[in-house]
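Please treat every number below as a calculation from the coordinates, not as lab data. What you see is a predicted model; the values in this text were computed from it and never measured. Quick reminder, even Gly has a Cβ in these numbers, built from the backbone with ideal geometry, and neighbours come from all protein chains shown.
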Amino acid sequence: MLKLARPAKITVGRLGCKFFPAGYYVYVGSARRGLAGRIARHLRLRKKLHWHIDYLRRKASVIDVRTYEPGDECALNRRVASLPGASVVAPGFGSSDCRCRAHLHHFEQIPAMFSERGVPAPSRRKRSAKSVNRKKTNRRR
């Protein structure tokens, strides 16, 4: 999740110049290999601009990063798009390789599900043994 403190006009590669209102942005991306490396790259400010998110990162700060088990990136994107308050301000952003309208969603406020750290992962996600054991322990109390 990114926060853009002030509205900005940003040129985003071939998408051209787009207006980004101030607020919170949720970007849904994937990396088939090297997820940790991809995230580290997105967090760096000094880099060659390559992906759409690189252009937004020049103006917006990262406030949260979440990872999910590999699955259908577009299905997760549809879940984020369906959250109350979600809007697309840059059609085509992050979605040049699929049919989604965009993989970047704007929110005026932090979505409640994100502030509660509760956006559910796609159904293929496996729970770790730690989280399962923690739930069993809590039931005994």
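Right, ILE10: of a type in the set (A, V, I, L, M, F, W, C), in a strand (DSSP E or B) and free of Cβ contacts under 8 Å to residues at least 60 places away in the same chain or not? Write out each step before concluding.
Numbers: of a type in the set (A, V, I, L, M, F, W, C): yes; in a strand (DSSP E or B): yes; free of Cβ contacts under 8 Å to residues at least 60 places away in the same chain: yes.
So ILE10 fits the description; yes.
When the range 13-51 is filtered for residues that are loosely packed, with under 13 Cβ neighbours inside 10 Å and outside any loop (DSSP other than H, G, I, E, B), the ones remaining, listed by number, are ARG14, GLY16, CYS17, PHE19, ALA36, GLY37, ALA40, LEU43.
Yes/no matrix, rows are residues, columns are (1) closer than 26 Å to ASP72 by Cα; (2) among the β-branched types (Val, Ile, Thr); (3) touching a residue at least 24 places away in the same chain (Cβ under 8 Å):
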{"site": "MET1", "(1), (2), (3)": "yes, no, yes"}
{"site": "ARG14", "(1), (2), (3)": "yes, no, no"}
{"site": "CYS17", "(1), (2), (3)": "no, no, no"}
{"site": "TYR27", "(1), (2), (3)": "yes, no, yes"}
{"site": "HIS42", "(1), (2), (3)": "yes, no, no"}
{"site": "LYS48", "(1), (2), (3)": "no, no, no"}
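Answer with yes or no whether TYR55 is in contact (Cβ under 8 Å) with a residue 40 or more places away in the chain, outside any loop (DSSP other than H, G, I, E, B) and out of contact with any His (no Cβ under 9 Å at 6 or more places or on another chain). Spelling it out, TYR55 is indeed in contact (Cβ under 8 Å) with a residue 40 or more places away in the chain, outside any loop (DSSP other than H, G, I, E, B) and out of contact with any His (no Cβ under 9 Å at 6 or more places or on another chain).
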